[in-house]
Amino acid sequence: MNDRSSLREQRRSEFVTTAMRVFDRKGAANTSLRDVIHAMNHGKGVGMSVFYYYFKSKDDLVDACVRTYLASYVDHVVDILQNPDLSVQEALDDICPHLIRAIWKMDVIFADKANWYSYLSTNSNVMEGFVRQIIDPLTKALDRWLDRGDLPQTQLIQTASTRTVAWLMADGLSSIVSNGRGAAGHPQIREVVRQRVRESVAFFSQLLGLPLKAPAIALS
């Protein structure tokens, strides 16, 4: 990457960092481009033309923020999966609540009601990118748990590769997000989200042949 490209990425990153800070306070739906531009440069602001040099529109900026936000949680999930001391249940206990709280916060920050889920439906590559990044570490974790006897040699695992099982689990994990679309606006949305988690964990239990328990999740 040359100096010009590096500077461009640095400047885009500054816009994203500033926008996420404003979104966290006001929500993306209630934040105007002028709000973000005025918050740039330590509150001194920048010109509107500067923004359009780096982004096509507010939607383009929101998309960059969503990807940045998800990337930070991918790193956390990967760290958990790479921890050799954790059992399957312990890894699940760490990953599930963290991921659901992240998704819950994203629902608050990036959209109102069903719009966030509509965004994911029309930008499926966002979740696909998340899923693809955890496949390799999840496959290695499954191999590790098999080698030390933490996972039973089920017919599925004997027939399919651990990578195939990892893909099935990742798809189940992403369904926690996509199924949230039906929960948006529900008067008991917290319980609906928890039920989605219980269903996903039950799916993992069937895949792995383990009696896994759904972790407790606090949503505020």
Inset, instruction - May I ask you to list the residues in segment 153-190 that are open to solvent by 70 Å² or more (accessible area, probe 1.4 Å), at pLDDT 85 or above and assigned to a helix (DSSP H, G or I)? - result: Gln155, Gln158, Thr159, Arg163, Trp167
Inset, instruction - Check off (1) under 30 Å from Ile135 (Cα atoms); (2) modelled with pLDDT of 90 or more; (3) open to solvent by 70 Å² or more (accessible area, probe 1.4 Å) for Ser87 and give me the number that stays unchecked. - result: (3)
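Which of the following residues is at pLDDT 90 or above and either closer than 14 Å to Ile109 by Cβ or acidic (Asp, Glu) (or both): Asp3, Asp35? Lay out the reasoning, then the answer.
Details: Asp3 fails: at pLDDT 90 or above.
Among Asp3, Asp35, only Asp35 is at pLDDT 90 or above and either closer than 14 Å to Ile109 by Cβ or acidic (Asp, Glu) (or both).
If you go through segment 194-204 one residue at a time, how many are open to solvent by 20 Å² or more (accessible area, probe 1.4 Å), closer than 14 Å to Asp93 by Cα and either touching a residue at least 24 places away in the same chain (Cβ under 8 Å) or not hydrophobic (A, V, I, L, M, F, W, C) (or both)?
First, pick out the residues of segment 194-204 that are open to solvent by 20 Å² or more (accessible area, probe 1.4 Å): 194-196, 198-199, 202-203.
Subsequent filtering for residues that are closer than 14 Å to Asp93 by Cα retains 194, 198, 202.
Then drop every residue that is not either touching a residue at least 24 places away in the same chain (Cβ under 8 Å) or not hydrophobic (A, V, I, L, M, F, W, C) (or both), which leaves 194, 198.
Counting residues in segment 194-204 that are open to solvent by 20 Å² or more (accessible area, probe 1.4 Å), closer than 14 Å to Asp93 by Cα and either touching a residue at least 24 places away in the same chain (Cβ under 8 Å) or not hydrophobic (A, V, I, L, M, F, W, C) (or both) gives 2.
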Inset, instruction - Run down Val50, Val78 and say which single residue is open to solvent by 20 Å² or more (accessible area, probe 1.4 Å) and in contact with a helix residue (DSSP H, G or I) (Cβ under 6 Å, 6 or more places away or on another chain). - result: Val78
Legend entry - Count of segment 37-49 residues which are farther than 11 Å from Thr18 by Cα and in contact (Cβ under 8 Å) with a residue 12 or more places away in the chain: 1
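The values are calculated or read from the model by the stated rules, or taken from the named source; none is laboratory data. Values in this document were obtained by computation on a predicted structure and should not be read as measured data. Glycine also receives a Cβ, built like all others from the backbone with ideal geometry; neighbour counts cover every protein chain displayed. Please note that ligands, DNA and RNA were not included when accessible areas were found on the heavy atoms of the full protein model with its side chains. Shrake-Rupley method; radii C 1.70, N 1.55, O 1.52, S 1.80 Å.
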